[in-house]
Ligand SMILES: NC(=O)c1ccc[n+]([C@@H]2O[C@H](COP(=O)([O-])OP(=O)(O)OC[C@H]3O[C@@H](n4cnc5c(N)ncnc54)[C@H](O)[C@@H]3O)[C@@H](O)[C@H]2O)c1
């Protein structure tokens, strides 16, 4: 079978560290033909470093070449996800887009609709779906072992983890703070376990006390005068069939651990904790806890890229797709709205 031709748009950290290495590792299926980034010198340097033939600073020019990509990995900043994804879909390319899907619900809906209209794959890079723990938990759920899940406690908390570099505290570029950057990863998992539904009620609170005070943490010194986003969000999501999710995420919070990322899942037959994975159930009338001491760690990015390529070649895989991305973005928007109100 002919190799799929891939192009990267946005040549920063995530392109260099995650997506290019993953695509290179899958060179029996896919070849990277081009990199497009804002600065042509950076695009050329990245292309040279990874032996990629073409570099551009204009995506339109890239799409007009005879050698057109079959798929795009959109690694640009959050405020550019929509425009480049729409452009790629218009040009007949499948898209793996970085998270969060977009800046608002309307954009994410349009992205999903255009992908559907064009018959193309749109997926998002929530690569934690492929972690060994989560993949096993999902298999266990699919076997019916947890019964009906009725509540999930989803947390992504950093004690002092406001990045002192990049655009993380810039609302215009990022669209938000801890929720947009961290919370969406764990929200994606919680939604994936509960059928990716739209909640009928959301109550949320957001804060910026620590961000606005300034300080230094595990990710450097941040400038309080440039802190435009929330440093913590707490939200309760209530779904029509009496399922609920409680989401807590922070860049900075007066808590014990430097960072904790977890799901606590409660079903009527069993419960689970994601990190480290344990199952809490009853066996023959006795309470039982199951721990997994032999789990080999997956390369989450590589597995998510494989999941994307599987969808492109018509196979099934568990990756956040365009429709799910639109639901997630609607929930994010409603969380911010509730917090504002
Ligand atoms: N899935 C994850 O775990 C994860 C981790 C880190 C970042 N991300 C996401 O990846 C995206 C990029 O993050 P990053 O850390 O690589 O940021 P970055 O700032 O390192 O890279 C962004 C790149 O986009 C380029 N760019 C900016 N404007 C452009 C334009 N108009 N046209 C083309 N390219 C342009 C910049 O030159 C830069 O190379 C963000 O959406 C972020 O949320 C996801």
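When the chain is fully extended, how far beyond the present Cα-Cα distance does residue 27 get from residue 287, taking 0.36 nm per residue of separation? Walk me through the numbers before you get to the answer.
Numbers: separation 260, 0.36 × 260 = 93.60 nm, distance 4.80 nm.
That pair, residue 27 and residue 287, stretches by 88.8 nm at full extension.
Once you keep just the Cα pairs under 8 angstrom separated by 6 or more residues, what percentage relative contact order results for region 137-277? Computed over region 137-277, the figure is 41 percent. The fewest-to-most ranking of 286, 31, 259 by surrounding Cβ atoms within 10 Å reads 286, 259, 31.
Using the average count of surrounding beta-carbon atoms within 10 Å as a protection proxy, the listed peptides 143-150, 9-16, 266-273 rank, highest first, as 9-16, 266-273, 143-150. Considering region 209-341 at the alpha-carbon level, its Rg and Dmax are found to be 19.4, 59 Å. Computed from Cα atoms, the angle from the helix 322-340 axis to the main principal axis of the chain rounds to 60 degrees.
In this label model, residue 259 and residue 16 are separated by 1.9 nm, measuring between points 7 Å along each Cα→Cβ vector.
Label-to-label distance, residue 118 versus residue 135, with points set 7 angstrom from Cα along the beta-carbon direction: 2.9 nm. The length gained on full extension between residue 67 and residue 142, counted as 0.36 nm times the residue separation minus their Cα-Cα distance, comes to 22.8 nm.
Residue ranges 71-79, 196-204 sort as 71-79, 196-204 when ordered by packing (mean number of other C-beta atoms within 10 Å per residue, highest first). The ranking of 306, 152, 290, 8 from fewest to most other beta carbons within 10 Å of each one's beta carbon is 290, 306, 152, 8. Centroid-to-centroid, using Cα positions, region 314-341 and region 26-71 are 29 Å apart. In region 188-223, which residues have a backbone nitrogen under 15 Å from the label point lying 7 Å from residue 340's Cα in the Cα-to-Cβ direction? Answer for this model: 204-207. Taking the 0 to 90 degree range and rounding to the nearest ten, how far is the long axis of helix 81-90 tilted relative to the main principal axis of the chain, both from C-alpha atoms? Once rounded, one gets 60 degrees. Compared with the dominant Cα axis of the chain, that is its longest principal axis, helix 40-49 is turned about 80°.
In whole Å, what three semi-axes, largest first, describe the equivalent ellipsoid of region 4-127 built from its Cα gyration tensor (square root of 5 times each eigenvalue)?
Details: eigenvalues 92, 45, 40 Å².
After scaling each eigenvalue by five and taking roots: 21, 15, 14 Å.
Evaluated at q = 0.07, 0.15, 0.16 Å⁻¹, the base-10 log of the normalised Debye intensity for the chain, with identical point scatterers placed on the Cα atoms, takes the values -0.30, -1.33, -1.45. In plain terms, the chain from residue 296 to residue 2 could stretch by 102.6 nm, reckoned as 0.36 nm per residue minus the Cα-Cα distance.
Computed over region 132-295, the alpha-carbon pair-distance distribution with 10 angstrom bins reads 10, 35, 29, 19, 6, 1, each value a whole percent. In percent, rounded to a whole number, the relative contact order of region 67-127 is 36, using alpha-carbon pairs under 8 Å and six or more apart.
Determine the relative contact order of the chain: mean sequence separation of Cα pairs under 8 Å and six or more apart, normalised by residue count, in whole percent. Could you put the intermediate results ahead of the total?
Working: 737 pairs, mean separation 67.4, N = 341.
Relative contact order comes out at 20 percent.
Coordinate-derived values only; no laboratory data. Note that the structure is a prediction, hence the values are computed from the model and not measured. Please note: Cβ atoms are built from the backbone with ideal geometry, for glycine as well, and neighbour counts cover all protein chains shown.
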